[in-house]
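Read the figures in this text as sums done on the coordinates, not as results from a lab. Just so you know, these numbers come straight off a predicted model, no measurement behind them. Here Cβ is always computed from backbone atoms with ideal geometry, including for glycine, and neighbour counts include all displayed protein chains.
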Amino acid sequence: MARVLVTGSSQGLGLDAARRLADAGHRVVVHARNDRRATDARSALPGAEAVVVGDLTSLEEVRAVARQANALGRFDAVIHNAAVGDQEPRRVETVDGFAHTFAVNVLAPYLLTALLAPPDRLVYLSSRLHRSGQPGFDDLQWQHRPWDGGQAYSDSKLFVVALAFAVARRWPAVRSNALEPGWVPTRMGGPSAPDDLALGSVTQVWLAVSPDPAADVTASYFYHQAPRNVHPATRSVELQEELLDRCARWTGATLPPPPGRPA
Ligand SMILES: NC(=O)c1ccc[n+]([C@@H]2O[C@H](COP(=O)([O-])OP(=O)(O)OC[C@H]3O[C@@H](n4cnc5c(N)ncnc54)[C@H](OP(=O)(O)O)[C@@H]3O)[C@@H](O)[C@H]2O)c1
């Protein structure tokens, strides 16, 4: 049985994935933004091994999440699920001076990846909207452009795919993949989302723990357990390296050297 950390698991697809893992007998650590949401997560999933707490808009709190998680021991898999959506009405500047969508959706998974003991498998939640993302680095923090929450979300989901592929390339012993869960009726997806909610957490769990050879891959992108095409820019080594460089500068944490191949 595997030990898995799921970020943003006090509700929505993160909670669904955590529940699916626990029901299958895996050990699950859930993550919530604060103590109140941690209580919600505990009561939603009493079988969780532990809850780690931290608001991902703050780099200091992301570091605290990594410390709490590392103190619990190494994970077999981490599902980077937490995100804010495409309906954010305005740019909120984080305590560290970043646009909140970028901070939660890109910087937080980067920093957790850099600080957590490398697991065997990394899974990053993206979206079909990543294909509308702009792969450039100009005004990434929306300081000069008028705010467009949909574009900020699409960009962030493009960059998180590039992050998954960058980690796959830097860490050949780790399976690092991304996926889109479908447009499903969570709080983020909204009540009229047309896709099946029950299927929305299947692929990330499969990528995290399944012995299926189709899940034992790296630098791949999925929808409903089948490979899907990605925005071609996410495959650009130049873009991946620039993203890693910027995230390292902004967070003060570089991606550690590659861990050894698991036995
Ligand atoms: N639903 C869809 O149709 C859809 C489509 C494509 C991709 N996705 C992706 O699927 C993933 C899960 O989405 P969802 O639909 O389950 O969204 P959701 O219901 O809004 O849940 C998002 C989760 O992330 C957490 N979170 C957000 N900001 C946080 C922060 N600053 N610190 C800590 N935790 C934070 C939330 O905590 P709180 O509850 O405390 O806010 C919640 O647990 C996301 O990566 C999303 O981009 C969803």
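Which of PRO191, PRO181, PRO135 ends up with the largest GNM mean-square fluctuation for the chain, with Cα atoms connected below 10 Å?
So, out of PRO191, PRO181, PRO135, the one fluctuating most is PRO191.
Just how large is the dipole of the chain about the Cα centre, in debye to the nearest 20, putting +1 at every Lys and Arg Cβ and -1 at every Asp and Glu Cβ? Spell out each step's value before the answer.
On the way: 27 positive and 27 negative charges, 90 e Å.
Here the size comes out at about 440 debye.
Using Cα springs under 10 Å in a Gaussian network model of the chain, which residue among HIS80, HIS100, HIS26 shows the largest mean-square fluctuation?
Its mean-square fluctuation being the largest, the pick is HIS26.
Using only the alpha-carbon atoms of region 94-140 as identical scatterers, what base-10 log of I(q)/I(0) does the Debye formula give at q = 0.15, 0.21 Å⁻¹?
The computed values of log10 I(q)/I(0) come out as -0.52, -0.92.
Would you mind classifying region 205-263 by shape? Square roots of the alpha carbon gyration tensor eigenvalues, ordered a ≥ b ≥ c; an a/c under 1.5 is rounded, otherwise it is prolate if a/b is larger than b/c and oblate if not. Write down the numbers at each step before the final one.
Numbers: a/c = 2.63, a/b = 1.43, b/c = 1.84.
Oblate, because a/c is 1.5 or more while a/b does not exceed b/c.
With the Cα gyration tensor of region 52-104 giving a ≥ b ≥ c as the square roots of its eigenvalues, does the rule (a/c under 1.5 for rounded; else a/b larger than b/c for prolate; else oblate) give rounded, prolate or oblate? Before the final figure, lay out each step's value.
On the way: a/c = 3.72, a/b = 1.83, b/c = 2.03.
Cα axes put region 52-104 in the oblate bin.
State the extension gain, in nm to one decimal, for the chain segment bounded by ALA117 and GLN143, taking 0.36 nm per residue of separation less the distance between their alpha-carbons.
6.0 nm
Per residue, what volume in Å³ does the convex hull of the Cα atoms of the chain enclose?
In the chain, the Cα hull volume divided by residue count equals 118 Å³.
Could you identify which residue out of ALA215, ALA193, ALA69 has the top mean-square fluctuation in a GNM of the chain using Cα springs shorter than 10 Å?
It is ALA193.
Given the C-alpha centroids of region 10-25 and region 121-152, what is the distance between them in whole angstrom?
27 Å
Given the -39500 (n - 2.57) contribution per DSSP H run of 4+ residues, what per-residue ellipticity at 222 nm results for the chain, rounded to the nearest 500 deg cm²/dmol?
Only helices count here, giving -10500 deg cm²/dmol.
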